[in-house]
Amino acid sequence: MRIRRCAALWLEPREETRFELDVLLAGGTGVVSSMQWFAHVPQLDTPVEVDVDDVTLLGELSPLDWVAATPLRARHGVARVRRLLQAGVLVGSTKAWTAGRELDTRLRDMHWHGLSAVCHARSRWESVDAAGEVEEAGLHNAEGLRQAYGVPPPMLHTRPDGGACTALPKMPRNAFDQLLDARASCRNFDAGKMLPLGQLAQVLERAFAERGRVRGADDFDVLKRTSPSGGALHPTECYLIARKVEGLASGIYHYRPGEHALQALPLDEEQVLAGAGKHAAAEGMSALDYLAWIAVGGQPYFADAHALCVLAPRFERNFWKYRNHSKAYRVCILDVGHLSQTLLLSATEQGLGSYVTAAINEADIERAFGLTAWLDGALAVCGIGPRAGQMETYELDPNQTVWSRSGKTVA
Ligand SMILES: Cc1cc2nc3c(=O)[nH]c(=O)nc-3n(C[C@H](O)[C@H](O)[C@H](O)COP(=O)(O)O)c2cc1C
């Protein structure tokens, strides 16, 4: 048998603190801290606790070259090698270790940059009620944040090393300025209204549809969209949670940019609702409503959107060109940012409310839509729908462009 290290690995020296009564009674603070090592392997759901001798062993092994198991076991002990193989930190060449090896090979073959893969893995959430946690910590408004964190860095930045200022001309404002000014993240959707299919279609078309194509080579084409895309690869797919769209059955869909069509996807209601039990706020929700709620990290004002668009890059398309590239994952994130802004402006132009959020439960979304996290995974969710007549949840609209001027009222 031969062994090598997993493809991507980050070793984290972490300080763990715990409370011990004995230490308090002996006159101390009661807080005891110790240093521990954790091995972060992107394809594993959780970090693996390792000790300093494991770290030494891992430092000896190449992620590429296989070494014979016997001398490794002789140097580091049979139990240690077996434990790290079982954990998935080491990869074994024999049949017994096929599952871990295949998982590792999948990641290798996709050309993920190691640190990006770790970052992607560790920033994913599963069944997190982020809104509930933030509210419980009193961090859901500016006063709470100010109290907990003090004053933030200044709103406007002045460079102390700067020279003279050149005043810039104020150009006449036109309809484009009005459109830009009318966009505000919507946290007040009208539950009593349906989103007309035509409006949804136009937003999807403007943000995601094929606007042209170019032949890259004999056997591949390059998609043209209204937003730019790193490497012209446009890896990002739009998946839809349609809750209240007039003329469209409630359900989940995949948007097909070439045909400008929505393809229905199967929704495993039982699987979607499996995690609902641990959230009191989710009691009584339908599978689709729960999916919307958990998708946006338990933010009820976002879950209320009539249609939610999951933006999920097919990483493998970008990494086909940018192999093990330190900028590739960043490019995927930036692509999603561009697409979301186009979507928000398109919705605004229709008089609809819209938002984008990255506070999403990737694992729940991916399970529902049959995504994989590695080949294709969710990075953001946007919502659109008719705005409510009254602002119940706070929105940032200091110039009252969206609310009072449009005849809507602020509660
Ligand atoms: C990447 C990104 C993630 C965001 N996530 C959230 C979120 O989780 N919850 C929320 O209420 N707003 C979220 N927002 C909206 C911001 O709070 C909002 O953009 C900001 O308050 C400025 O308001 P405006 O969008 O109305 O100009 C997000 C915005 C961006 C760009």
- Which numbered condition Arg101 fails, given (1) charged (D, E, K, R); (2) in contact (Cβ under 8 Å) with a residue 12 or more places away in the chain; (3) buried (at least 17 other Cβ atoms within 10 Å of the Cβ): (2)
- Look through Gln400, Gln390 and report the one residue that is modelled with pLDDT under 95, over 28 Å from the mean Cα position of the chain (by Cα) and more than 16 Å from the ligand (Cβ to nearest atom). Gln390
- Task: May I ask you to list pairs of residues, at least six apart or on different chains, whose Cβ atoms are under 7 Å apart, with the first in segment 112-133 being outside the structural domain of Thr372 (by TED's automatic domain parsing) and closer than 20 Å to Ala274 by Cα and the second being modelled with pLDDT of 95 or more and charged (D, E, K, R)?
- Result: Arg124/Glu362; Trp125/Glu362; Glu126/Asp364; Ser127/Asp364
- Do any helices (runs of 4 or more DSSP H) lying entirely in segment 86-151 carry at least 1 residues that are under 29 Å from Ala69 (Cβ atoms), and which ones are they? 98-110, 114-122
- Candidate set from segment 184-205 (those that are under 14 Å from Leu345 (Cα atoms) and within 13 Å of the ligand (Cβ to nearest atom)); member that is surrounded by the most Cβ atoms within 10 Å (Cβ to Cβ): Cys186
- Task: Look through segment 327-355, keep the residues that are polar (S, T, N, Q), within 14 Å of the ligand (Cβ to nearest atom) and assigned to a helix (DSSP H, G or I), and return whichever of them is farthest from Phe176 (Cα to Cα).
- Result: Ser340
- Task: Check whether at least one residue in segment 63-76 is touching a helix residue (DSSP H, G or I) at 6+ places or on another chain (Cβ under 9 Å), outside any helix (DSSP H, G or I), away from the ligand (no atom under 16 Å from the Cβ) and among the acidic types (Asp, Glu), and report yes or no.
- Result: no
- Query: Can Gly216 be described as assigned to a loop (DSSP other than H, G, I, E, B), free of Cβ contacts under 8 Å to residues at least 60 places away in the same chain, assigned by TED's automatic domain parsing to the domain that holds Met391 and not charged (D, E, K, R)?
  - Reply: no
- Here are some residues: Leu334, Leu375, Leu352, Leu344. Which one is touching a helix residue (DSSP H, G or I) at 6+ places or on another chain (Cβ under 8 Å) and surrounded by 24 or more Cβ atoms within 10 Å (Cβ to Cβ)? Leu352
- Check Arg18 against each of (1) assigned to a loop (DSSP other than H, G, I, E, B); (2) more than 30 Å from Glu366 (Cα to Cα) and name the one condition it does not meet. (1)
- Positions within segment 34-70 being within 25 Å of the chain's Cα centre (by Cα) and of a type outside the set (Asp, Glu), in sequence order: Phe38, Ala39, His40, Val41, Pro42, Gln43, Leu44, Thr46, Pro47, Val48
- Query: In segment 281-299, is there at least one residue being more than 17 Å from Ser250 (Cβ to Cβ), buried (at least 24 other Cβ atoms within 10 Å of the Cβ) and touching a His at 6+ places or on another chain (Cβ under 6 Å)?
  - Reply: no
- Note on the structure: All-but-one check, Gly100 against (1) farther than 27 Å from Thr56 by Cα; (2) away from the ligand (no atom under 16 Å from the Cβ), failing number (1)
- Do we find a residue being within 14 Å of the ligand (Cβ to nearest atom), assigned to a strand (DSSP E or B), at pLDDT 90 or above and polar (S, T, N, Q) anywhere in segment 360-369? no
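The values are calculated or read from the model by the stated rules, or taken from the named source; none is laboratory data. Worth saying up front: this structure is predicted, and the values here are computed from it rather than measured. All Cβ positions, even for glycine, are placed from backbone atoms using ideal geometry, and neighbour counts span all protein chains on display.
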